[in-house]
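Working notes, structure below.
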Amino acid sequence: MQANLIEKLEVKCDNAQQYSHRLSVRVYGVEKESGDESETILETKIKECYTEIQIPYEKNEIDRFHRIGPIYKQDGKTYQAIIVKFRSWEARQKFYEGRHRRYIKGVKKIPGVKFTVSLDLTRRRYLLLQEAREYCKNHDNVDYVNVNCSLAIKFKDNKIH
């Protein structure tokens with residue numbers, strides 16, 4: 001009984017935490033400057049993301065942004081994710097839906113794409129997504145597993161479930 005109650009409380013806490021993340025996205029693949037990046041430099045990088053996905057940048061749509069998570073190196077360059085919190089759902093959706101997809105018709109990342117965008121998931125939900133991807137990895141008829149804006153895990157074989 002006690003363990004069941006704790007699990008229910010953890011899920012409710014996670015739901016509240018995920019709700020607070022609803023207006024945020026994480027942007028990966030934007031190179032990090034050496035040393036401390038000023039807010040102006042980071043804003044310039046976000047503007048470049050808007051330009052790449054061909055959406056006009058409007059400063060008043062973004063509440064705040066900063067680097068988050070581990071720093072990693074790839075091809076001799078340094079990267080760290082950027083978390084962007086928007087002021088409205090509409091602004092967040094416009095940016096999120098304009099992003100480059102990691103997969104298009106089962107083909108991995110488009111050549112020349114500089115960054116990717118993902119939803120800002122709580123740790124629990126991120127681990128659930130990873131678990132679903134690992135579970136489906138060995139299924140020949142599953143092309144990919146992702147999470148949609150309503151946080152439902154979806155996988156694609158011949159149709160999306």
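Structural remarks
- Subset of the stretch 41-51 (residues that are open to solvent by less than 60 Å² (accessible area, probe 1.4 Å) and not β-branched (Val, Ile, Thr)): LEU42, GLU43, LYS45, CYS49, TYR50
- Every residue from the stretch 1-55 that is in contact with a Phe, Trp or Tyr (Cβ under 9 Å, 6 or more places away or on another chain) and aromatic (Phe, Trp, Tyr): TYR28, TYR50
- Hits in the stretch 1-40 (condition: open to solvent by 70 Å² or more (accessible area, probe 1.4 Å), under 30 Å from ASP75 (Cα atoms) and modelled with pLDDT of 85 or more): TYR28, GLU31, GLU33, GLU39, THR40
- Of residues in the stretch 52-87 being in contact (Cβ under 8 Å) with a residue 40 or more places away in the chain and aliphatic (A, V, I, L, M), the one surrounded by the fewest Cβ atoms within 10 Å (Cβ to Cβ): ILE68
- Test: residue in the stretch 92-113 that is at pLDDT 90 or above and among the small types (Gly, Ala, Ser): no
The values are calculated or read from the model by the stated rules, or taken from the named source; none is laboratory data. None of the values given here were measured: they were computed from a predicted structure. Positions of Cβ are backbone-derived with ideal geometry, glycine not excepted, and every protein chain shown enters the neighbour counts. Accessible surface areas use protein heavy atoms only, side chains included; no ligands, DNA or RNA. Shrake-Rupley method; radii C 1.70, N 1.55, O 1.52, S 1.80 Å.
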